[in-house]
Amino acid sequence: MLMEKASAGMWRKIDTRYNLIGSECQKCDALYFPPRIICRNCGRDTKMVPKKLSGKGTVYSFTTIRVPSDAFKESAPYNVAVVALEEGPKVEGHVIESGKKVEIGTKVKTVFRKMYVDGEEGLIHYHFKFEAL
Ligand SMILES: [Zn+2]
């Protein structure tokens, strides 16, 4: 019971918009990103805690989007990749080339960038992207 309270407090202290936060099962060490509440291995016995990830990884696969949806039309062409994080989980995200060509095996790290502006209300959405190293 005490563990549950401590864990909920930890989640509130971490700003998940600007950190890459996964969840780790204390029982079997399985690591998830995006975070999961219930461990696939442990089910009801899950003991999940937030785990800050390094944000570093390697491009596992990628594709270049040349004809994007309206929300992303200013960024095209851009790369969307599946990145294998150092800690294991694979995550999909945009990859900024910043002078380096993106290829399978390219090392990347997360950066937090403006993703798109919601037309109606002008609401700016931020999310992580990857930057080629
Ligand atoms: Zn588990």
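Some points to look at:
- Total charge dipole magnitude, the stretch 55-133, about the Cα centre, Cβ charges on Lys, Arg, Asp, Glu only, Debye to nearest 20: 400 debye
- Amide N of the stretch 41-62 lying under 20 Å from the label point, which is placed 7 angstrom from the Cα of C28 along Cα→Cβ: 41-51
- With Cα atoms defining each centre, the stretch 87-133 and the stretch 17-58 are spaced 21 Å apart in the structure.
- A crude spin-label estimate for the pair L123 and V67, with each label 7 Å from Cα along the Cβ direction, gives 3.0 nm.
- Length added when fully stretched, I38-E92, from 0.36 nm per residue minus Cα-Cα: 17.3 nm
Laboratory data are not the source of any read-out in this text; all were calculated from the coordinates shown. What you see is a predicted model, and the numbers here were worked out from it, not measured in a lab. Methodologically, a virtual Cβ is constructed for each residue, glycine included, from the backbone with ideal geometry; neighbour enumeration extends over all protein chains shown.
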